[in-house]
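Participant: Before I ask anything, here is the structure I am working with.
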Amino acid sequence: MDIQVHEGALVPTDTATGMDRRAFGEFVGPRGELASYAFGWTTGADPHAARLSIGIGAGNPGGGTFHAVIFQHEDGHAFSLTGDPFERVPQGGPDLTADEARAHEDLPFVWAVADEVMRRDRRAWWMRHWLLGTLCLQTLEVFDRREPILLVRHDADDGMWQLIGASDADGGTGKVGHLHHAIDEDPTLIDVLDLPAGGSATRTGAGSPWTGRA
């Protein structure tokens, strides 16, 4: 099935030192269906939830913009429609209330778009780790930003992520933190957030491409 998700702009706000983010993109379905989307999250937000807007049918009868909240549910995430508008998106029509969205004939398509965005957009992987509070173990040199991250491991046994620099890992000095904070410091990590459990990725230096996945 030919589904495309095109990442657009990632916009950090000036007022929150990059902790309030908006990510934009476009979706193309297998039969050419178009949708545009935006999602965002604020580190430290209470309640701990993200936001999503998906627009379809701009200028056409039945077009609209659907808005949802994204929150942690068990070991993953879930969506809940809301009537509180989040972002304007190019393909969107009028903002729909939660009741209007629930009654809309294209709601199944909108949920399919939401699932594909969470599956394919690297910024959504970052947001999901924020939602889930994913932990990572960093070497002291990486934690103190004295060394760039050159090795990323996603442990198979406990799901822990490990971030290692040029120095050998030392279990006695390692620091545990949240993975989303590490991405704050090094956004290139979004390229390896799809590592499966048991997988690892390496690079030769800061800014070099990551290699390895299995």
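The values are calculated or read from the model by the stated rules, or taken from the named source; none is laboratory data. In this text the structure is predicted, and so the values were computed from the model without any measurement. Note that we place each Cβ from the backbone using ideal geometry, even for glycine, and neighbour counts take in every protein chain shown. Just so you know, the surface numbers come from the protein's heavy atoms only, side chains and all, with ligands and any DNA or RNA stripped out. Shrake-Rupley method; radii C 1.70, N 1.55, O 1.52, S 1.80 Å.
Participant: Looking only at residues that are in contact (Cβ under 8 Å) with a residue 40 or more places away in the chain and assigned to a helix (DSSP H, G or I) in region 60-111, which one is farthest from Ala35 (Cα to Cα)?
Facilitator: Looking at residues that are in contact (Cβ under 8 Å) with a residue 40 or more places away in the chain and assigned to a helix (DSSP H, G or I), I get Leu107.
Participant: If you don't mind, there's one more thing I want to ask. Let me confirm something: among Phe71, Phe109, Phe79, which residue is open to solvent by 40 Å² or more (accessible area, probe 1.4 Å), under 30 Å from Asp157 (Cβ atoms) and at pLDDT 95 or above?
Facilitator: Phe71
Participant: Which of the residues that make up region 118-173 are open to solvent by less than 50 Å² (accessible area, probe 1.4 Å) and in a strand (DSSP E or B)?
Facilitator: Cys136, Gln138, Leu151, Val152, His154, Trp161, Gln162, Leu163, Ile164
Participant: Kindly list, by first and then second residue, each pair from a residue in region 130-148 that is at positive phi to a residue that is open to solvent by less than 50 Å² (accessible area, probe 1.4 Å) and not in a helix (DSSP H, G or I), limited to pairs with Cβ atoms under 8 Å and residues at least 6 apart or on different chains.
Facilitator: That search, which allows pairs on different chains as well, returns nothing.
Participant: Residues of region 162-178 being touching a residue at least 12 places away in the same chain (Cβ under 8 Å) and more than 20 Å from Ser208 (Cα to Cα), which ones?
Facilitator: Matches in region 162-178: Ala169, Asp170, Thr173, Gly174, Lys175, Val176, Gly177, His178.
Participant: Residue by residue through region 174-196, note down the ones that are aliphatic (A, V, I, L, M) and open to solvent by 70 Å² or more (accessible area, probe 1.4 Å). Before the answer, list the steps.
Facilitator: Start the filter on region 174-196 by keeping residues that are aliphatic (A, V, I, L, M), which leaves 176, 179, 182-183, 189-190, 192-193, 195.
The one that is aliphatic (A, V, I, L, M) and open to solvent by 70 Å² or more (accessible area, probe 1.4 Å): Val176.
Participant: Let me ask something else. Anything in region 31-45 that is open to solvent by 10 Å² or more (accessible area, probe 1.4 Å) and under 15 Å from Ala112 (Cα atoms)? List them, or say none. Walk me through how you get there before you give the answer.
Facilitator: Narrowing region 31-45 to residues open to solvent by 10 Å² or more (accessible area, probe 1.4 Å): 31-34, 42-45.
Within region 31-45, Arg31, Gly32, Glu33, Leu34 meet the criteria.
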